[in-house]
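The values are calculated or read from the model by the stated rules, or taken from the named source; none is laboratory data. The structure presented is a predicted model; accordingly, all values stated were derived computationally and were not measured. Cβ coordinates were reconstructed from backbone atoms using ideal geometry, including for glycine residues, and neighbour counts include every protein chain displayed. Just the protein is used for accessible areas: all its heavy atoms, side chains included, with ligands, DNA and RNA removed. Shrake-Rupley method; radii C 1.70, N 1.55, O 1.52, S 1.80 Å.
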Amino acid sequence: MTDHPYHFPEGGVPPQSQLLTGRAIFTDAYAVIPGECLRDIVTSQLPFWQNARFWVLARPLTGFAETFSQCLAEVQPGGGSAQPEQDPRAEAVIFVLDGAVDLRVEGEVHHLTAGGFAFLPAGTPWDIWTSGDSTARFHWIRKAYVPVEGLGTPDVIIANEAEVDPYEMPGSDGRWMTTRFVGHDDLRHDMHVTIVTLQPGAVIPFLETHVMEHGLYVLEGKGVYRLNNDWVEVGPGDFMWLRAFCPQACYAGGPGPFRYLLYKDVNRHPALW
C-alpha cells in the first residue's frame with residue numbers, strides 16, 4: 001500500500017459461510033458495483049497482456065450506457081503489454097492507483113506512480129509494463145474518439161494528481177473541488193476524466209440531470225449518492241455507472257474527504273440515428 005489514499009481491490013474469494021446479501025444494484029438508470037464484488041472469479045484476461053488480470057467495470061451496452069469502457073488492471077511484476085490496444089479508434093486514460101508503471105508513448109518512456117495520469121489519443125502507439133518489484137494497479141478508460149473536422153486531434157498528456165491544482169467549484173468555499181487534467185475549453189477532447197473531492201458534509205447541491213453519462217470509482221471516503229429515485233451509500237472501491245439523464249447528487253459522509261475518479265463524455269453534438 002502506498003501513502004496515497006487510492007483504494008484498490010484485493011481480490012480473493014469469500015468463504016462458504018458468507019451471506020449472499022450484498023449492495024450490488026443494476027437498474028435501467030444506473031448500476032452500482034461494490035468493491036466487495038471485485039473478486040478473483042470475476043476477473044478477465046485480455047489478449048497480448050502478460051501477468052495481468054482485469055475487473056471490467058463498464059462496457060458499451062445498448063439501451064444503457066454506450067460511450068466507454070473502464071477496466072481496473074492488476075499487473076504483476078514483469079507484466080504488461082507491448083500490444084495493449086487493438087482498436088485504432090480508441091483513445092484512453094490511464095490512472096495509477098498503486099505501484100508503478102513504465103508507459104512508452106511514441107518511443108518515449110514515462111514513469112508513472114500512484115496518482116499518475118496519462119491521456120493517449122486514438123491511434124497513438126503505446127505499451128505499458130510494471131516498474132520494480134511491486135504489483136501495479138491502474139484504471140484503463142477507453143472511448144471511441146469522435147473527430148470533428150477543423151478541430152485537430154488532442155495531444156498526449158502525462159501528469160500526476162499531486163502536480164495539478166484543483167479547481168474550486170462555484171459557491172462551495174473550497175468544499176467541492178475538481179482536479180482537471182484537461183482544459184475544459186479544449187474542444188478537441190470528447191471525454192474528461194477528473195477527480196472530484198468533497199469535504200465532509202459538502203454536497204453536490206442539486207439533482208444533476210444531463211446528457212453526459214458517467215463512470216465513478218470511489219478512491220477514498222464515503223458518501224450517500226442520489227441515483228434516480230434512490231439514495232445509495234458508497235465507499236472506497238465502489239463503482240457507479242450512470243446512463244445519460246440519470247438524476248444525480250450526493251452528500252459527503254466524513255470523517256475524511258470523499259473522492260472519486262469521474263468519467264464523462266463531452267463536447268460533441270448528440271448523434272442523430
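State whether one or more residues within region 105-117 are of a type in the set (Gly, Ala, Ser), over 30 Å from Arg243 (Cβ atoms) and open to solvent by less than 40 Å² (accessible area, probe 1.4 Å). Yes, region 105-117 contains a residue that is of a type in the set (Gly, Ala, Ser), over 30 Å from Arg243 (Cβ atoms) and open to solvent by less than 40 Å² (accessible area, probe 1.4 Å).
Scanning region 226-251 for residues that are outside any strand (DSSP E or B) and either of a type in the set (D, E, K, R) or touching a Cys at 6+ places or on another chain (Cβ under 6 Å) (or both) yields Asn228, Asp238, Arg243.
Can you say whether Thr67 is of a type in the set (Val, Ile, Thr), under 27 Å from Val232 (Cβ atoms) and surrounded by 18 or more Cβ atoms within 10 Å (Cβ to Cβ), as far as the supplied structure shows? Before you say what the answer is, go through the steps one by one.
Values: of a type in the set (Val, Ile, Thr): yes; under 27 Å from Val232 (Cβ atoms): yes; surrounded by 18 or more Cβ atoms within 10 Å (Cβ to Cβ): yes.
Spelling it out, Thr67 is indeed of a type in the set (Val, Ile, Thr), under 27 Å from Val232 (Cβ atoms) and surrounded by 18 or more Cβ atoms within 10 Å (Cβ to Cβ).
Of the residues screened, Gly254 is one that is surrounded by 15 or more Cβ atoms within 10 Å (Cβ to Cβ), modelled with pLDDT under 95, out of contact with any His (no Cβ under 7 Å at 6 or more places or on another chain) and on the phi > 0 side of the Ramachandran plot.
The single condition among (1) farther than 18 Å from Leu262 by Cβ; (2) open to solvent by 10 Å² or more (accessible area, probe 1.4 Å) that Phe54 does not satisfy is (2).
Inside region 207-235, can you point out the residues that are of a type in the set (Phe, Trp, Tyr) and over 17 Å from Lys264 (Cβ atoms)? Quick ask: steps written out before the conclusion?
Applying the first criterion (of a type in the set (Phe, Trp, Tyr)) to region 207-235 yields 217, 225, 231.
Matches in region 207-235: Trp231 only.
Note on region 120-143: among residues that are outside any loop (DSSP other than H, G, I, E, B) and over 16 Å from the mean Cα position of the chain (by Cα), the one that is surrounded by the most Cβ atoms within 10 Å (Cβ to Cβ) is Ile128. You will find that of Ala90, Ala114, the residue that is within 17 Å of the chain's Cα centre (by Cα), touching a residue at least 40 places away in the same chain (Cβ under 8 Å) and closer than 16 Å to Pro9 by Cα is Ala114 and no other. Between Gly237, Gly174, the distinction of being over 30 Å from Glu106 (Cβ atoms), of a type in the set (Gly, Ala, Ser) and open to solvent by less than 10 Å² (accessible area, probe 1.4 Å) belongs to Gly237 only.
Scanning region 216-225 for residues that are in a strand (DSSP E or B) and without any contact (Cβ under 8 Å) to a residue 60 or more places away in the chain, we see that the one that is nearest to the chain's Cα centre (by Cα) is Leu216. For region 19-39, the set of residues classified as open to solvent by 60 Å² or more (accessible area, probe 1.4 Å) and assigned to a helix (DSSP H, G or I) consists of Glu36 only. Of the set (1) of a type outside the set (Val, Ile, Thr); (2) under 16 Å from the mean Cα position of the chain (by Cα); (3) open to solvent by 60 Å² or more (accessible area, probe 1.4 Å), all apply to Ala82 but (2). The strands (runs of 3 or more DSSP E) falling completely within region 144-215 that include 3 or more residues that are over 30 Å from Gly123 (Cα atoms), of a type outside the set (Val, Ile, Thr) and in contact (Cβ under 8 Å) with a residue 40 or more places away in the chain map to 203-208. When you check Arg243 against the structure, is it buried (at least 22 other Cβ atoms within 10 Å of the Cβ) and among the basic types (Lys, Arg), yes or no? Against the criterion (buried (at least 22 other Cβ atoms within 10 Å of the Cβ) and among the basic types (Lys, Arg)), Arg243 does not qualify.
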